[in-house]
Amino acid sequence: MNKDPSLVAVVDDEESVRKALGRLIRSAGYGVEMFGSGVEFMQSLKRTRPDCVVMDLRMPVLSGFELQSALQRSGVTVPVVIITGDDAADSRERALRCGARAFLRKPVDEALLIEAIQNAVRDPA
C-alpha cells in the first residue's frame, strides 16, 4: 500500500473503465481525479496538477496522442501511462516516443498498472 498522497488523473471516455481504475488506484493509496475526456482534463490543469496521468488512446474529440501533444505544447510535464485496447506496434512506439512512461493493454494487468504509476511518481523526469 502506497503511503504517498500523490494524485493520479484517469482520463478515459468509458465510465465503467474510469470507475474501475479509480477504485484500483485508490486501493493502492493514491488520490484520484477522473475525467471523461482530454478536454476536461486539460481544463482541470488550471486548478490542479496531478503527479501522473493514466489515459486511454482512443477517445473522441481529443485522442490520447492529441492529449500528449497538448500537454507538451502547454509546457505541462507530468508522467503519462497509456492504457489501450489498441496494441498495434506503431501505436506503442508512437506513444513511447511522445514521452509515455508505460504502454499497457486493456484489460490492464492491475499489478503492472500500479507498478507503472509507482515508477512514474517516484521518478517523474
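What follows is calculated from the coordinates using simple rules that are stated; it is not laboratory data. Predicted model only: the values in this text are computed from it and were never measured. Methodologically, a virtual Cβ is constructed for each residue, glycine included, from the backbone with ideal geometry; neighbour enumeration extends over all protein chains shown.
Ranked for footprinting exposure by Cβ neighbours inside 10 Å, fewest first, SER37, SER16 give SER16, SER37.
Counting other beta carbons within 10 Å of each residue's own, what order do ASP87, ASP13, ASP56 fall into, fewest first?
ASP87, ASP13, ASP56
Summary value for the chain: 22 percent relative contact order, contacts being C-alpha pairs under 8 angstrom separated by 6+ residues.
Give the Debye-formula value of log10 I(q)/I(0) at each listed q (0.19 Å⁻¹), with one equal scatterer per alpha carbon of the range 7-122, two decimals each. Log10 I(q)/I(0), no solvent term: -0.95.
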